[in-house]
1. Under 13 Å Cα to Cα from Lys27, which aspartates and glutamates show up? Leave out anything in the same chain fewer than 8 places away.
2. Take the chain, mark every one of the GluC sites (Glu not before Pro) that falls in a DSSP loop and has at most 11 other Cβ within 10 Å, then report the longest stretch left between them, sites excluded.
3. Return the whole-Å distance between the Cα centroid of segment 71-121 and the Cα centroid of segment 21-42.
4. Taking H as built 1.01 Å from N, whose amide H comes closer than 5 Å to the amide H of Asp181, not counting residues under 5 places away?
5. If you place +1 on the Cβ of every Lys and Arg and -1 on the Cβ of every Asp and Glu, how big does the dipole about the Cα centre of the chain come out, in debye to the nearest 20?
6. With no solvent and one point on each alpha carbon, what is the Debye value of log10 I(q)/I(0) for the chain at q = 0.07, 0.10, 0.11 Å⁻¹?
7. Which parts of segment 9-41 would a label at Thr203 reach, counting a residue when its backbone N lies under 18 Å from a point 7 Å out along Cα-to-Cβ?
8. Say the dipole of the chain comes from +1 at the beta carbon of Lys and Arg and -1 at that of Asp and Glu; which of Leu218, Pro19, Thr195 then lies farthest toward its positive end?
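The values are calculated or read from the model by the stated rules, or taken from the named source; none is laboratory data. Bear in mind that the values here come from a model prediction, so they are computed numbers and not experimental data. Cβ sites come from the backbone with ideal geometry, for glycine too, and all protein chains shown count toward neighbours. The protein model used for the area step is the full one, side chains on, heavy atoms only, and it has no ligands, DNA or RNA in it. Shrake-Rupley method; radii C 1.70, N 1.55, O 1.52, S 1.80 Å.
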Amino acid sequence: ILFDLDGTLIDIDLKRFIPAYLKALAKTVDHIIKPSKFISLILKASNKMTNNDGKLTNLEIFMNSFFPLNGHSREEIEPLFNEFYEKDFSKLKKYTKKKPEARKVIKKAFDRELDVVIATTPLLPLTAIKQRLEWAELGDFDYNLITSYENMRATKPNLLYFKQIVNYLGKVPENCLMVGDEDKDLAAAKIGCWTFLIESINTDLKEDSPNPHFKGTLNDLMR
């Protein structure tokens, strides 16, 4: 069972969270580069990761696109990024709200001895994803996989992303269920996975979005 994180296991308004995240990260290096230019470079690198063809990890794509930054090397900038995730990323928790039923669902999945994957969009480092799991009070489970930009070579809705997860688990798609709140989660159906839509503030299905096999709340999923 593959779980999206944002909007699925934790309440979050991405239209508020993402700008706040970019602004906070830009502040880390504002003595080197103007925030507007920095954010532009970050978005460009993110777009490159979104279009990853699987030859490199998302992290490698990001680093190749992002550096050299304004004449400064990765060796100079990376410690600043690390410090941001250690000290300042946690301040973004205020844009999220835990779902009490999320822990019950995850626990039940483990009780049923299912393989459990946190299949969140892997455009951020593992530390950022683990912190958001802590905010959701879901950080203490032994997940089979947490997708991040370090370990993935594609991202949703690229079908390669879902294929990588299924192959990693050693499963077939027909034995997997993708639980998420956005159309990019439902794309898993295109390789044969089952899908369960949990609507959130971020849900905006397109006309060509695959219809979910199931739809409801986390409590519905638990039943």
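1. Candidates past the 8-residue exclusion: Glu83, Asp88.
2. The segment 1-112 is the longest one with no such site.
3. 21
4. Those qualifying (amide H under 5 Å, at least 5 residues apart or on another chain) are Ile198.
5. It works out to roughly 380 debye.
6. These q points yield log10 I(q)/I(0) values of -0.22, -0.45, -0.55.
7. In segment 9-41, the label zone of Thr203 (backbone N under 18 Å from the point 7 Å along Cα→Cβ) covers 9-15.
8. Checking the options against the dipole of the chain, the answer is Pro19.
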